[in-house]
Amino acid sequence: MANLFTTAELNAIKKDVQDIVRDTSINTTLRYRQYKGEDYYDAEDQTYSDLYTNWSGVSALKGVVGNTEVSEAIQLSDIKFVIMQSGVSNVLSISDVIVEGGVTYNVVDVRADPIGVVYQIFARGA
């Protein structure tokens, strides 16, 4: 099966999308809190570990949910963020949290585009 894009074309697409996502006139910066689920108590320090890995300064486009995107998990009142897949590592999930300008959102759905450039993250105010 032939690839849809050559490596050079895919790199050009990634660069263009990255330039758009980082455009400060239309983007927002958020802190992506990725759930890691490691909850343990350190008896020596008498502290609990943080359940999240924080990715600060992630550039994102923020938008509204369209009628065609509504599903069992996604409502019209939800917020959609688009981020570069390279902005965070590992697999994103609905256990994650987004913090933007002091407002916390719970992730309700994550969709990756077919060529691996961006994530569409659908979130709801906490």
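The values are calculated or read from the model by the stated rules, or taken from the named source; none is laboratory data. Just so it is clear, the model here is predicted, and its values are computed rather than measured. Don't worry about glycine lacking a Cβ; one is built from the backbone with ideal geometry, like all the others, and counts go over all protein chains shown.
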Out of the residues in the stretch 30-53 that are touching a residue at least 60 places away in the same chain (Cβ under 8 Å) and of a type in the set (Ser, Thr, Tyr), which is surrounded by the most Cβ atoms within 10 Å (Cβ to Cβ)?
-> Tyr32
Listed residues Thr6, Thr53, Thr104, Thr47; which is modelled with pLDDT of 85 or more and either touching a Ser or Thr at 6+ places or on another chain (Cβ under 9 Å) or on the phi < 0 side of the Ramachandran plot (or both)?
-> Thr104
In the set Ser95, Ser77, Ser56, the lone residue that is under 18 Å from Gly125 (Cβ atoms) and surrounded by fewer than 11 Cβ atoms within 10 Å (Cβ to Cβ) is Ser77
Residue ID - modelled with the highest pLDDT, chosen from residues in the stretch 22-40 that are in contact with a Lys or Arg (Cβ under 9 Å, 6 or more places away or on another chain) and part of a strand (DSSP E or B) | Leu30
